[in-house]
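The values are calculated or read from the model by the stated rules, or taken from the named source; none is laboratory data. Note that the structure is predicted; figures quoted are calculated from it, not measured. Virtual Cβ from ideal backbone geometry, glycine too; neighbours counted across all protein chains shown. SASA here: full protein model, heavy atoms, side chains in, ligands and nucleic acids out. Shrake-Rupley method; radii C 1.70, N 1.55, O 1.52, S 1.80 Å.
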Amino acid sequence: MATDTKSNTMGVNYLIYVVILVIALFQVLFAMMAGPQPILMLLLAFLQASLAVNHFMHLKQERPSLFLALIPYTLFVLFMMNMIWSDSVRLLHMRPPGN
Amino acid sequence: MSQATVAVDPHTGMMEERPFAIPSSKLVMWLFVISDAVTFAALLFAYGYLRNASPDWPTPFEHASIWNALLMTFILVTSSLTVLMAVNAAQNDDRARAFRWTMITALLGLAFTALHLREWIDLIGKGVRTFQNPWGAPMFGATFFSITGLHMAHVVGGVVALIAVGLIYKAGKYSAKHLEILSLYWHFVDIVWMFVVPLVYLMNMKR
C-alpha cells in the first residue's frame, strides 16, 4: 500500500517534470517569436515555481498550518529587506540620495 | 500518534508534538529557503528597477545564449527529478541506489555550472565587466553577474552538500530525512533559476 502511494507520487513527479520543461520551452519560443512579455513570463515562472514547491518540495502534502506559518515569516523578511530595496535608487547614479 | 509527529525531550523523556508535524531541521530549512528566496527577489527587483530606468539597457543575448539557458534549465530541472529519486530510494532503504542518484544530481549540478561559466567567459570576452560593457547602461554587468553569480554560488554549495551528505548517508550515519531536507534546498535552487531565465535572459534577448 505504502509502496503504491510512493510510486504514484513519483508518477506525478514525472508528469510535473515534463510540464515544467514544456513551460520553459514555451517561454523561449514565445519570446523568440513575439518578443518577451514581462507579465506573461512572470506568470509562467510563478506557475513553474508553484508546481515545483507543491510537488517536488511536497508543500502540498504538509499540514496547511506550515504554509500559513510561513506567510508572516515571509512578510517579516520582506519588511527587513526594505533597507536594500530603497537603496536601489542610489544604484542608478552610484551615489547616496540627495548628493 | 506516529513517530513523525512527535519528538522526545532528551531531559524529561516526555513525548511532545513536533511543530507542524515535521522535524525541526526541516522547518529550519523551510525558513532558510524563504529568507534566501527574498534575497533573490530583492536582487531581481533591483535589476528590474534599473532596467526600466535605463533607456539604453543592452540586449546582448543571441539565440545561441538563449538555447544554452534552456539547456541549463533542462539540466537543473532534471537534477530536481534525480534528487527526488534519491529521496525515494532512501525512503525505501535502498542506500546504494539513493547514493547513486545523489551523485548523479551532483554531476548535473557540475554540468550546469560548467555551462554557466562558459556563458560568463563568453560575455567577459565581449567586454562585459561589472561596471562597463560595449553596448549601453553600465549597470548591466553588475546586475547580470551578481544575480547569476549568487545563483551559481548556490549551485556549487549544493553540489558540495550533495557529495558530503551522500557520502555520510552511504556510510550509514545519515537517514532518508537528511537527504529529504537537502533536496528542499536543491529544489529551491531550481526554482530560482525559473525566474532568472525569463527576467535576465529572455528579457535581454537580441532582436
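Return the calculated 222 nm mean residue ellipticity for chain B, to the nearest 500 deg cm²/dmol, obtained by summing -39500 (n - 2.57) across DSSP H runs with n ≥ 4 and dividing by the residue count.
-25000 deg cm²/dmol
Roughly what angle does helix B:63-91 make with the longest principal axis of chain B, taking Cα atoms, 0 to 90 degrees, to the nearest 10?
0 degrees
Got a number for the accessible area of B:I181? Probe 1.4 Å, square angstrom, nearest 10.
20 Å²
Suppose every K and R has +1 on its Cβ and every D and E has -1 on its Cβ; what is the size of the dipole of the stretch B:111-179 about the Cα centre, in Debye to the nearest 20?
So the magnitude is around 280 debye.
What's the magnitude of the charge dipole for chain B around its Cα centre, counting Lys and Arg as +1 and Asp and Glu as -1 at the beta-carbon? Answer in Debye, nearest 20.
Taking the Cα centre of chain B as origin, the dipole is about 420 debye.
On a straight-distance basis, which lysines could pair with B:K206 in a cross-link, Cα separation under 20 angstrom, same-chain partners fewer than 8 positions away excluded?
Within reach: B:K126.
Sort chain B into rounded, prolate or oblate with this rule: let a ≥ b ≥ c be the square roots of the eigenvalues of the Cα gyration tensor; rounded if a/c is under 1.5, and if a/c is not under 1.5, prolate when a/b is larger than b/c, oblate otherwise.
prolate
Leaving ligands, DNA and RNA out of it, report the carbon-plus-sulfur percent of the accessible area of chain B at a 1.4 Å probe. Provide the component values of the computation, followed by the final result.
Values: 5840 of 8950 Å².
Of all accessible area on chain B, carbon and sulfur atoms account for 65 percent.
Viscosity 1.567 mPa s, temperature 4 °C: Stokes-Einstein D of the protein assembly as shown from its Kirkwood Cα radius, in µm² per second?
Working: Rh = 20.9 Å.
Estimated diffusion coefficient is 62 µm²/s.
Which sequence of B:D190, B:D56 reflects their accessible areas, 1.4 Å probe, from the largest down?
B:D56, B:D190
For B:K26, which lysines qualify as cross-link partners when the Cα separation must be under 21 Å and same-chain residues fewer than eight apart are set aside?
Candidates past the 8-residue exclusion: A:K6, A:K60, B:K170, B:K173, B:K177.
Using a 1.4 Å probe and counting only protein heavy atoms, arrange B:R207, B:R100, B:R95 so the residue with the most accessible area comes first.
Details: B:R207 175, B:R100 130, B:R95 90 Å².
From most accessible down to least: B:R207, B:R100, B:R95.
Summarise the partner chain shielding of A:28-41 as one whole number: the mean count of Cβ atoms from other chains within 10 Å of each residue's Cβ. Intermediate values should be presented prior to the final figure.
Values: counts 11, 1, 2, 8, 6, 0, 0, 4, 9, 3, 7, 0, 1, 6.
Across the residues of A:28-41, the mean count of other-chain Cβ atoms within 10 Å is 4.
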